[in-house]
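Novice: Got a structure here, written out as structure tokens. Questions coming.
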Amino acid sequence: MEQLELDFSKSVPQETRLFTRKSKKRRELLRPRGRHHDLSGIFGRLNRSFFGNTVKVDVTWGKESKNRKRSIQLGVFDRDSNIIRIHPLLDRDFVPEDVVEMVLYHEMLHAYLGADVVRGRRMVHTKRFREAEKAHPYYSAYVEWEKKHLTRLLRGW
Ligand SMILES: [Zn+2]
């Protein structure tokens with residue numbers, strides 16, 4: 001989600017990172033079924049309900065990192081490998097499925113809308129993007145949840 005992505009990368013803005021990353025040659029092992037949340041099921045529902053089944057990407061839980069960070073990226077769409085990765089900290093029983101759904105929805109919007117060029121810069125969090133994001137019925141609840149639980153998430157629970 002936006003503020004997290006911006007915090008995550010201190011030197012290079014997220015929008016730049018998304019489009020300059022070199023292609024990964026190795027095939028990534030996908031692990032959409034977590035301990036508590038199955039990303040394939042959520043992805044399928046979202047794709048049917050909001051995108052007319054047109055989003056063709058792979059989804060996976062990201063790898064656990066041992067390092068504690070001051071900020072994390074809850075989701076990322078890697079355009080080169082065409083994979084959406086969701087942070088494994090969200091694969092907890094007390095993280096509502098709606099929250100996982102909103103993070104995944106955000107990344108699917110990136111895959112669906114792509115980037116607009118504004119004054120020579122590629123922009124991904126455009127007005128169109130923000131409006132589409134807010135159109136999801138869970139959006140407000142998600143923002144509230146994130147405010148309450150973000151610190152806890154960052155501590156690794
Ligand atoms: Zn984003």
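The values are calculated or read from the model by the stated rules, or taken from the named source; none is laboratory data. Since the model is a prediction, treat every value here as computed from it, not as a measurement. Here the Cβ positions follow ideal geometry from the backbone for every residue, glycine too, while neighbour counts run over all protein chains shown.
Novice: I'd like to check something: does the range 95-117 contain any residue that is within 11 Å of the chain's Cα centre (by Cα) and at pLDDT below 90?
Specialist: no
Novice: What pairs come up if the first residue lies in the range 110-136 and is within 24 Å of residue 59 (Cβ to Cβ), the second is outside any loop (DSSP other than H, G, I, E, B) and away from the ligand (no atom under 14 Å from the Cβ), and their beta carbons are under 7 Å apart, counting only those six or more places apart or on different chains?
Specialist: 112/51
Novice: Here are the criteria: (1) within 14 Å of the ligand (Cβ to nearest atom); (2) at pLDDT below 90; (3) assigned to a strand (DSSP E or B). Tell me which single one residue 72 does not satisfy.
Specialist: (3)
Novice: Before we move on, is residue 126 surrounded by fewer than 17 Cβ atoms within 10 Å (Cβ to Cβ), within 12 Å of the ligand (Cβ to nearest atom) and farther than 17 Å from residue 53 by Cα? So that I can check it myself, show each step before the final result.
Specialist: Working: surrounded by fewer than 17 Cβ atoms within 10 Å (Cβ to Cβ): yes; within 12 Å of the ligand (Cβ to nearest atom): yes; farther than 17 Å from residue 53 by Cα: yes.
The answer is yes for residue 126.
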